[in-house]
C-alpha cells in the first residue's frame, strides 16, 4: 500500500485528481515523473562531458600495431576533448581480457576500449558468447582499417600473387604458411583465400607476427599475410622479403606499387579483408556521449601529423558513421565466427 501523500501549497490544484487515483495508477504517474526528471540530468551530463580523465583500454601489449596507432590517434583526441586520456594495456585471450574489463565499467564515457577486428573472432575462439560484439558493448565509431600483406621470401620466383597461388596449387606439400597464431586474423584470411582458390598447404602458427616474419625472411616458411606494416616495411625495403599483394579491395597508400589481391588474382575479384580498429564503450553509454567521442576521433584522423603516422602504418580511415560501423561489425562477426566454426578452431 502506498504511503499518504503530503501536498505542498504549489501542488494543491493537483490534490483532488491524485486523491481519486488508484494505487496502481498513482505508481505509474510517479514512475513517469521520475523518468521525466531524470532525462534533463542525463542530457546535462552528456553536455558537460568530458570533465575528467578518460581511461582507454587496449587489449594488446604495448608496441604492437593496435597500441602504436591508438597512442598516436588518442593523443590528438585528448587535445580535442581537452582532458587527459590514460591508456591501459590489458593483453590476453585474443583481446578478450580488455573487452571483459570494458563491459564491467560504468557506462558514463570515462572508460573506453580501442578494439580491433579481434572482437569479432575472439568470442568464437574462446567460446565466449557473452562477448558477442553486437550485444556486449556500444560502438562509438570506426577509426581505421589495415590490410594484410602477402609476403614471400626474397628467393621466391613467382613474380605476382596469381603465379604464386598457381605454384602452391601445383605442389601443396612444398608450401608452409606462417601466421601470428591459430585463429588470428591473418590465419583466418589465409583460410578464406584457400577456400576460394582451392589451395592446400601446411599451416605453421607462431606466437605473434614478429617471429613468423623473421622465419619467413630466413626461408623457414614460404609465405605469410602480415597485418603489421611497422614490422613488415623494413623487411620489404631492404629486400629480405617480397610483397606480392595486399588484401584490401584497393592498393595501400603505404605500398602504392603493390597490387591488391582483388585486381591481381582472377579468383579473388572483389575480395576485401584485413584488420580494423574501433572505439567501444560500455553498454548503455548515452548516445550523445558516443556521438561526441566519434566526432573527436574523426576530427583527429584529419590532423596532418596523425594522418602522416597512420599512412606510414598502412592505416586508412574507414569513413563510416556509427550506424554503418555497427552494421559492419555485425557482418564481420558473422563472417569470421562462421569461418572459425567451419574450421573447428579453438583457443590454444
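The values are calculated or read from the model by the stated rules, or taken from the named source; none is laboratory data. For clarity, every value in this text was computed on a predicted model and none was experimentally measured. Here Cβ is always computed from backbone atoms with ideal geometry, including for glycine, and neighbour counts include all displayed protein chains.
Taking the range 231-263 as the range and being within 19 Å of residue 180 (Cα to Cα) and surrounded by fewer than 16 Cβ atoms within 10 Å (Cβ to Cβ) as the test, only 234 passes. Every test in (1) touching a helix residue (DSSP H, G or I) at 6+ places or on another chain (Cβ under 6 Å); (2) at negative phi; (3) at pLDDT 95 or above; (4) not in a strand (DSSP E or B) is passed by residue 109 save one, and that test is (2).
Looking for whichever is outside the structural domain of residue 329 (by TED's automatic domain parsing), touching a strand residue (DSSP E or B) at 6+ places or on another chain (Cβ under 6 Å) and at positive phi here; the options are 181, 208. Which one fits?
Working: 208 fails: touching a strand residue (DSSP E or B) at 6+ places or on another chain (Cβ under 6 Å).
Going through 181, 208 in turn, the sole match is 181.
Restricted to the range 211-222, and to residues there that are assigned to a helix (DSSP H, G or I) and in contact with a strand residue (DSSP E or B) (Cβ under 9 Å, 6 or more places away or on another chain), the residue that is farthest from residue 244 (Cα to Cα) is 211. Looking at 117, 78, can you tell me which residue is crowded, with 21+ Cβ neighbours inside 10 Å and not assigned by TED's automatic domain parsing to the domain that holds residue 210? Selected residue: 117, the only one of 117, 78 that is crowded, with 21+ Cβ neighbours inside 10 Å and not assigned by TED's automatic domain parsing to the domain that holds residue 210.
Considering only the range 38-53, I want to know if a residue exists there that is modelled with pLDDT of 95 or more and either within 30 Å of residue 227 (Cβ to Cβ) or in contact with a helix residue (DSSP H, G or I) (Cβ under 8 Å, 6 or more places away or on another chain) (or both). Within the range 38-53, one or more residues are modelled with pLDDT of 95 or more and either within 30 Å of residue 227 (Cβ to Cβ) or in contact with a helix residue (DSSP H, G or I) (Cβ under 8 Å, 6 or more places away or on another chain) (or both).
Only residues that are touching a residue at least 40 places away in the same chain (Cβ under 8 Å) and either surrounded by fewer than 22 Cβ atoms within 10 Å (Cβ to Cβ) or under 21 Å from residue 301 (Cα atoms) (or both) were counted in the range 81-103, giving 4. Considering only residues in the range 314-340 that are closer than 14 Å to residue 132 by Cβ, under 14 Å from the mean Cα position of the chain (by Cα) and modelled with pLDDT of 95 or more, the one that is surrounded by the fewest Cβ atoms within 10 Å (Cβ to Cβ) turns out to be 331.
Taken over the range 241-262, the residue count meeting the criterion of being out of contact with any strand residue (DSSP E or B) (no Cβ under 8 Å at 6 or more places or on another chain) and in contact (Cβ under 8 Å) with a residue 12 or more places away in the chain is 2. The residue list 88, 101 contains one member that is in a helix (DSSP H, G or I), modelled with pLDDT of 95 or more and either touching a strand residue (DSSP E or B) at 6+ places or on another chain (Cβ under 6 Å) or not assigned by TED's automatic domain parsing to the domain that holds residue 327 (or both), which is 101. Selection of helices (runs of 4 or more DSSP H) fully inside the range 266-347 by the criterion of at least 2 residues being more than 23 Å from residue 231 (Cβ to Cβ) returns 287-301, 322-343. Kindly indicate the residue of the range 69-85 that is in a helix (DSSP H, G or I) and touching a helix residue (DSSP H, G or I) at 6+ places or on another chain (Cβ under 6 Å) and also nearest to residue 317 (Cα to Cα) among those meeting that condition. Among them, the one singled out is 73.
For residue 63, indicate whether it is surrounded by fewer than 18 Cβ atoms within 10 Å (Cβ to Cβ), modelled with pLDDT under 95 and assigned to a helix (DSSP H, G or I). Before you say what the answer is, go through the steps one by one.
Details: surrounded by fewer than 18 Cβ atoms within 10 Å (Cβ to Cβ): yes; modelled with pLDDT under 95: yes; assigned to a helix (DSSP H, G or I): no.
No; evaluated as a whole, the condition is false for this residue.
Here is a check on your reading of the model: is residue 190 farther than 30 Å from residue 290 by Cβ, free of Cβ contacts under 8 Å to residues at least 40 places away in the same chain, under 21 Å from the mean Cα position of the chain (by Cα) and surrounded by 22 or more Cβ atoms within 10 Å (Cβ to Cβ)? Here the answer is yes, as residue 190 does meet what is asked.
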